[in-house]
Structure formats: C-alpha cells, structure tokens
1. When you look at residue 211, is it under 30 Å from residue 150 (Cα atoms), within 19 Å of the chain's Cα centre (by Cα), without any contact (Cβ under 8 Å) to a residue 40 or more places away in the chain and not in a loop (DSSP other than H, G, I, E, B), yes or no?
2. Quick one: count up the residues across the range 60-93 that are outside any strand (DSSP E or B) and of a type in the set (Gly, Ala, Ser).
3. Among the residues of the range 196-227 satisfying the criterion of being of a type in the set (Val, Ile, Thr) and farther than 21 Å from residue 126 by Cβ, which is surrounded by the fewest Cβ atoms within 10 Å (Cβ to Cβ)?
4. Among the listed residues 43, 54, 74, identify the single one that is open to solvent by less than 90 Å² (accessible area, probe 1.4 Å), over 22 Å from residue 116 (Cβ atoms) and under 46 Å from the mean Cα position of the chain (by Cα).
5. Looking at (1) surrounded by 15 or more Cβ atoms within 10 Å (Cβ to Cβ); (2) over 37 Å from the mean Cα position of the chain (by Cα); (3) more than 20 Å from residue 40 (Cα to Cα), which one does residue 97 not meet, given that it meets all the others?
6. Is it the case that the range 320-341 has a residue that's open to solvent by 70 Å² or more (accessible area, probe 1.4 Å) and either under 15 Å from residue 430 (Cα atoms) or β-branched (Val, Ile, Thr) (or both)?
7. As an exercise: evaluate residue 392 against (1) open to solvent by less than 60 Å² (accessible area, probe 1.4 Å); (2) at pLDDT below 85; (3) within 27 Å of residue 217 (Cα to Cα) and give the number of the one condition it does not meet.
8. Just checking, how many residues over the range 91-121 are of a type in the set (A, V, I, L, M) and out of contact with any strand residue (DSSP E or B) (no Cβ under 9 Å at 6 or more places or on another chain)?
Amino acid sequence: MFTSAFTHAAIGMAIVDLSGKWIRVNKSLCGMVGYSESEMSDLTFQDITHPDDLEIDLENVQRLLRKEIPSYQLEKRYFKKTGDILHILLSVSLICDISGNPQFFISQIQDFTKVKTYEEELLKLASEDYLTRIGNRRFFYEQSAREITRAARSEEPLTLLMLDIDHFKSTNDTYGHEVGDVVLQKIANICKESVRSIDIVGRIGGEEFAILLLDTDHEGSHIAAERLRKNVADTDIESHGNILRTTVSIGAVTFWGDSKTIDFRLHHADEALYRAKNLGRNRVEFYIDPEDIYFSPSKLYQTGLIHLQWSKRYESGNQIIDTQHIHLFQLSNRLLSAIISGESKEHCSNLISSLIEHVKEHFKDESEIFLSAHYEDSEHHCEIHDKLLSQCTELAEKYRNDSLSLGEILVFLASEVIHNHMIMEDKKFFKCI
C-alpha cells in the first residue's frame, strides 16, 4: 500500500538519506524538476535547492536530527533541470528504527509556483500604479515611512521631491486623454531613469509624482532635482501622431529621518511646489524649515565651532525672501563645516558653487520683489548685488588656486553678505513689501 501510494501520488514524494541524497523519488517529483529517476539518484537535495533557501532548510534538518521537532514544513525554491526556478511547499519527516536511531527522511513536495505567481500578481496590483507601472500612493507611503524610520537611526539625510506636470489639463483638453496618458507614462519613466534604483518613486495623484531620495542632502538633491527637471524639458513625447514637450515644477524638502510622518514632509514639499508654480513653473523650489539643519547633528557639534545663527529679527515678512535668507545661512554653515572638518577640495568647491548659484537666484528674485514694490533705491541695491556676486566669483577662483583662507570666507559671509547687506541694506526695503 505504501509503495502504491508513493508511486502514484499526485504530489512529489521522496525518500532522502541523512546526507541529503535522493534514495527514491516518484514520477510526480521527476516531472516537476525535469530529471529522470536515475539522474536524481546522482544528486542531493542541496544540489537543486536555491542557495538563498538552503540555510534554513539545513537548520530544520538539524532540528529534526536532534529530535527538537517531529517534522517541518517550509516554502522554498528548487532549480529545475532547465535552470528555471520551481517554487515548492516542502514537508519533511524523520524515520527512525525501533531503537530511535535516525534512518532517512520522507519528503512531500507540492508545486507552489502558480500560487506564488498569483501572490506576486496580487501584490503588484496592490502596490503598482496601473497606468505608469511605478509605485502607487500606498506603496510610496509604506516604503517612505520605513526609510524615514531607518534614517533616524543612522542620522541619514533624506530629500522628498514632489513633481507636478505643468499645464497638464491643457494637454488633455488639446490632445485628448489618450495623449495625456502617454505623457504620464513618459514622465514616470523619466523619473525612474533620472534617480537611483534605491530611491523610491511613486505616482501619488493625477499628474503628481513623489520621489524620496535616500542618503541625499540639500546639495545632492538640488543636483538630482535639476537633472530630473531638465530631462523632462528636453524630451520629445510622441503619441498618436503628435510630438510635444512638457515641463514639471518640483517642490523639495531635505530633512533628517525622525518621528515626523511622510504626510508632514509631503505638506512641506507641496508648499515648495506651489511656490515653484507661482514663480513661473519649470523650476525647482525648496522648503526651508528654520528648525532643520542639513547636516548630521553629531557632525555639526564636532566641526561647527564657527557657524552663523539665524534670528527672527532678520525676517522681512515675505516668504520667498525669508526662505532664501534662511537657506543662505544653512549653505554658509555647511561650507564652513566642510572646510573646518577638512573635507575634500572637490567637495568644498561644489559647496561654493552651490552657494554662488543660490546667491544669484536669490538676488534675482529679491530684485523682482522690490522693483515691483517700487522701492526708491532699487538701482543702488542692484549695484550692491552685482558687487557681491563679483566678490563671490573672486573668492571661488582664489579657493581653486589654494590662496583663500577660512578667515576670508568667514569675513565675507558674516560681514559682507549677512551683516552689511542682508541686515543693514535689505531692511531698507522691507517696509515696502
């Protein structure tokens, strides 16, 4: 009866010796793995087990031999003769003689491949956006929450980007929803291709996408966001005989992993996104939280003996100017910290370049604001901007030629930019805005 049941069982059956060698196998098992009975006799179960599943299988074998458990069951993978992977549900029992000495194992093997395929398809449906084939809102929230918790333990910076396709409603109205769908798919592909595989990408709304950049501070995220923005703007999108281009506005926030929720961070990124749209679209704007310092707290106290401290007394009441002024403080502190701690010349040069780019952008936005407010001394203030930018360029060149001291940088940032210009000169037009 046992022989008949063994031979004709619909599931795989095997008798395996204590070393793992197949002593006897039935037709069902041979059909699953693609080996003949004689070929199986030359193999062990270790030979066809996926290496990632072997350790837990061998641990259970040892527990059986120590008589800690009467049997065990687990899901694992076999390699078929063709090299394909077979998902199985394995059940194993140990047979002993009348004296209790282990003799061999009896294994039952069920083909679990279809079940695993269905599970993977259901998981994909639950986590993937049906149109763009990137993570959906649920997937993005779950993965991001986990990474924020992890980053809090390792003092790792994270940056959250929110993207919105500019004038997307107009695209739908002009070309139709089929073309609009192609645009969404193309933007999703550009998002994936423009960031690293470790970064988390998701579609969280109609034409809104979100990206969490792991281990990325403000400097790195600015480069990544600008690269993404430019990749979108430079891409031709072909659909139903139409060739069109579109742009995206990006709002970003850099922070350190903590107990704050992903919704909290998305709200800040959304504020920056709203500002990017108001300032003309096709641009990147950062949300700057005065409570956040964009370098590791431990590193700050080790190297930040000299740093600039923001005060509410410096506020103008204009969100754009105040945000950019705070950002100027943070970039300046980051540069000072990098120089004091002896970071590489290339890294410090990149920080100087980022600082200059921020100053240029800030002066441009600030000028537009006080010109529109009809500030009476606008011309003189613009001349001061030009002079400071010229000094920035000279300092950068001196640093590249190894002729710039820390004292010169500190005097320029603290005295010329912060005190003489931002506190003394800028306050003159605050009353106008």
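The values are calculated or read from the model by the stated rules, or taken from the named source; none is laboratory data. This is a predicted model, so every value here is computed, not measured. Here the Cβ positions follow ideal geometry from the backbone for every residue, glycine too, while neighbour counts run over all protein chains shown. What goes into the accessible areas is simple: the full protein's heavy atoms, side chains included, and nothing from ligands, DNA or RNA. Shrake-Rupley method; radii C 1.70, N 1.55, O 1.52, S 1.80 Å.
1. On the way: under 30 Å from residue 150 (Cα atoms): yes; within 19 Å of the chain's Cα centre (by Cα): yes; without any contact (Cβ under 8 Å) to a residue 40 or more places away in the chain: no; not in a loop (DSSP other than H, G, I, E, B): yes.
For residue 211, the condition - under 30 Å from residue 150 (Cα atoms), within 19 Å of the chain's Cα centre (by Cα), without any contact (Cβ under 8 Å) to a residue 40 or more places away in the chain and not in a loop (DSSP other than H, G, I, E, B) - is not met.
2. At the first step, the residues of the range 60-93 found to be outside any strand (DSSP E or B) are 60-70, 80-84.
With of a type in the set (Gly, Ala, Ser) added as a condition, the list becomes 83.
Counting residues in the range 60-93 that are outside any strand (DSSP E or B) and of a type in the set (Gly, Ala, Ser) gives 1.
3. Within the range 196-227, the first condition is being of a type in the set (Val, Ile, Thr), and the residues that meet it are 198, 200-201, 204, 211, 216, 223.
Add one more test, that the residue is farther than 21 Å from residue 126 by Cβ, and what stays is 198, 216, 223.
Numbers: 198: 10, 216: 23, 223: 13.
For the range 196-227, the residue satisfying everything is 198.
4. Values: 54 fails: over 22 Å from residue 116 (Cβ atoms); 74 fails: over 22 Å from residue 116 (Cβ atoms).
The conditions single out 43.
5. (1)
6. No.
7. (2)
8. Going residue by residue through the range 91-121, those that are of a type in the set (A, V, I, L, M) are 92, 94-95, 98, 106, 109, 115.
Cutting the leftovers down to out of contact with any strand residue (DSSP E or B) (no Cβ under 9 Å at 6 or more places or on another chain) gives us 98.
Summing the residues that are of a type in the set (A, V, I, L, M) and out of contact with any strand residue (DSSP E or B) (no Cβ under 9 Å at 6 or more places or on another chain) in the range 91-121 gives 1.
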